[in-house]
Every structure is written in C-alpha cells, then in structure tokens.
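A.B. asks: The structure that follows is given in the form of structure tokens.
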Amino acid sequence: QKKGFIFDLDGVIVDTAKYHFLAWKKLAKSLDIDFTEEENEQLKGVSRVRSLEKILSWGNKTISEEKFTELMAKKNDDYLSHISKMDENEILPDVPRILNLLKENKQLISLGSASKNARTILERVHLKENFNAIVDGNDVSKAKPDPEVFLIAAELLHTKPEDCIVFEDSVAGVEAANIVNMISIGIGSEEVLAHADYVFKDFTEISDTFIKSLIKN
Ligand code: B16
Ligand code: MG
C-alpha cells in the first residue's frame, strides 16, 4: 500500500526561521520598527506578503505599494544570501532516517511548503532527489490554513487526501491538513500544535515502528 507523506520545509526539514528572522529584522530596523523573536514565531508558515503586512501593522507603518514591492525584494535578497551558505549539516536530526525508511518501504514523498525558495533550499542541502513531488509557494494561490498546497501534493502523488500524512510545525499547516482529512503530525510543542493527530518534539522521537504503522493503516 502506498501512502503519500507530505513534508513542510521550514521547521520540519530545516530551520530556516532563523534566516527569515535575520532578514526581517534588518528590514524592520530600516523602518524603525522593533521586531522580536516572538513576533518571528508568528510568521512561521505565513507567506512573504502576509509577513510584511504583519510587520508593518505591528510597527504602525503604512507604505506605498511601490515601496512594499521594493522591501519584499530586499528581504528576499538578504534571505537568499543566508540560504546560499546552507549545506546538509543544516538538515534537522533524523530527517534522513525517516526519508530513507519511507523510500525503503516504497512510499510516496512530497514537499508542501509556503516558501518560494523551497527548491533552492532542497538543492543546497542535497535532499531534492528524495521527493517524488515538490509543491511550494510558487504553485499555490491560497496560503495555509487553506489546504491547497497539500491537495496539489496529493494529486501529484496520485494519492487520496485521506491516504496522506502531513508533517508540519505551524498551526496553520496542521489546520490545513485536518480540513482535508489528512493525518497531521505536528513537529514542535504539544501546546502550540494541540490540533494535530500526533505531536513529536522532533524526528528523533518518531520511531520506525510508528512510521510503519502509518503505512499499514
Ligand atoms: P519565502 P514553510 C514558510 O515556509 C516559512 O515558515 C515562512 O516563515 C515564510 O514566510 C514562508 O515560507 C515564505 O517563504 O519568503 O521563502 O517564499 O514552513 O511553509 O516551509
Ligand atoms: Mg513550517
């Protein structure tokens, strides 16, 4: 039996949140806005446009459309300068073990990320070949918690949504998976991801037996 295993990127496969933070922090500073790590937490899984809108509203700033576009490009250039230095050492613990186990058991694997830089990042950390399908911020028009990203992934894998399992670190991502009856596995804190079917601190806590049970059910 083939199941579709869908992985979010940031916070699940790699921790790019720290680079988003550096880039947003620099941009906020240029606007005289104080941007904190707690605020950065709230941008996890949130699209680039929506992230800038939130930062501006936290700082009580309004800017022209032109300036908005300019700042978005600036943020991304800065973010890309960090990403370009990434390598396989930045893959989060035990992610390769889980990917290999799924591959050995002939399961289908997709990425389901909000990031428009997902393909670049997967290439940097040499994981791109592990994915049967990649769905990212370039492929969707509606952001999580809309399930569009995961539904496209299921379609590309030729699996029914209810035969898909989603690994997510964001509340919005867990909601998105739940809406379309996918099994949601939260990666992070149990309090934050209370709506997930299962929650693990990270992949080191996920056993081979657990993965095999998902394949069989
Ligand atoms: P980009 P994910 C998300 O990735 C990040 O969590 C979020 O902080 C970021 O704003 C978003 O991607 C868009 O990223 O600017 O690279 O297009 O968690 O959905 O993999
Ligand atoms: Mg994420």
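The values are calculated or read from the model by the stated rules, or taken from the named source; none is laboratory data. From a predicted model like this one, the values you see are computed outputs, not experimental measurements. FYI the Cβ positions are ideal-geometry reconstructions off the backbone, even for glycines, and counts take in every protein chain you see.
A.B. asks: Scan the stretch 93-102 and tell me whether some residue there is in a loop (DSSP other than H, G, I, E, B), in contact (Cβ under 8 Å) with a residue 60 or more places away in the chain and either surrounded by fewer than 18 Cβ atoms within 10 Å (Cβ to Cβ) or under 16 Å from the mean Cα position of the chain (by Cα) (or both).
C.D. replies: yes
A.B. asks: Please identify the pairs in which a residue from the stretch 7-25 that is among the β-branched types (Val, Ile, Thr) has its Cβ atom under 9 Å from the Cβ atom of a residue that is within 6 Å of ligand 1 (Cβ to nearest atom), counting only partners at least 6 apart or on another chain.
C.D. replies: Val12/Ser113; Ile13/Ser113; Thr16/Leu9; Thr16/Asp10; Thr16/Ser115; Thr16/Asn117
A.B. asks: Okay, moving on. I need the full set of residues from the stretch 182-203 which are closer than 14 Å to Pro145 by Cβ and polar (S, T, N, Q), in order please.
C.D. replies: Ser184 - this is the single residue of the stretch 182-203 that is closer than 14 Å to Pro145 by Cβ and polar (S, T, N, Q).
A.B. asks: Among the residues of the stretch 150-181, write down those that are within 16 Å of the chain's Cα centre (by Cα) and part of a loop (DSSP other than H, G, I, E, B).
C.D. replies: Asp169, Ser170, listed by residue number.
A.B. asks: I would also like to ask the following. Only one of these is surrounded by fewer than 20 Cβ atoms within 10 Å (Cβ to Cβ), out of contact with any helix residue (DSSP H, G or I) (no Cβ under 6 Å at 6 or more places or on another chain) and more than 18 Å from Leu127 (Cβ to Cβ): Glu53, Glu90. Name it.
C.D. replies: Step by step, each of Glu53, Glu90 is checked, and only Glu53 is surrounded by fewer than 20 Cβ atoms within 10 Å (Cβ to Cβ), out of contact with any helix residue (DSSP H, G or I) (no Cβ under 6 Å at 6 or more places or on another chain) and more than 18 Å from Leu127 (Cβ to Cβ).
A.B. asks: Further question: Please go through the stretch 112-149 and give me each residue that is within 20 Å of Tyr19 (Cβ to Cβ), part of a loop (DSSP other than H, G, I, E, B) and within 14 Å of the chain's Cα centre (by Cα), ordered by number.
C.D. replies: Ser113, Ala114, Ser115, Lys116, Asn117, Asp136, Gly137, Asn138, Ala143, Lys144
A.B. asks: Of these, Val171, Val166, Val140, Val125, which one is under 24 Å from Arg48 (Cα atoms) and at pLDDT below 95?
C.D. replies: Result of the check over Val171, Val166, Val140, Val125: Val171.
A.B. asks: Could you check, for the stretch 2-24, whether at least one of its residues is of a type in the set (Phe, Trp, Tyr) and either within 8 Å of ligand 1 (Cβ to nearest atom) or part of a loop (DSSP other than H, G, I, E, B) (or both)?
C.D. replies: no
A.B. asks: Still on this structure: What is the one condition in (1) part of a loop (DSSP other than H, G, I, E, B); (2) closer than 24 Å to Lys2 by Cα; (3) without any contact (Cβ under 8 Å) to a residue 24 or more places away in the chain that Val192 does not satisfy?
C.D. replies: (2)
A.B. asks: Something else about it: When residues of the stretch 25-50 are filtered for being charged (D, E, K, R), more than 10 Å from ligand 1 (Cβ to nearest atom) and surrounded by fewer than 15 Cβ atoms within 10 Å (Cβ to Cβ), how many remain?
C.D. replies: Summing the residues that are charged (D, E, K, R), more than 10 Å from ligand 1 (Cβ to nearest atom) and surrounded by fewer than 15 Cβ atoms within 10 Å (Cβ to Cβ) in the stretch 25-50 gives 6.
A.B. asks: Now for a different question. At least 3 residues that are in contact (Cβ under 8 Å) with a residue 40 or more places away in the chain, within 16 Å of ligand 2 (Cβ to nearest atom) and within 19 Å of the chain's Cα centre (by Cα) in each: list the helices (runs of 4 or more DSSP H) lying fully within the stretch 27-89 that qualify.
C.D. replies: none
The rows are residues; the columns are (1) within 11 Å of ligand 1 (Cβ to nearest atom); (2) touching a residue at least 12 places away in the same chain (Cβ under 8 Å); (3) crowded, with 17+ Cβ neighbours inside 10 Å.
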site: Leu108; (1), (2), (3): no, yes, yes
site: Val135; (1), (2), (3): yes, yes, yes
site: Lys160; (1), (2), (3): no, no, no
site: Val166; (1), (2), (3): no, yes, yes
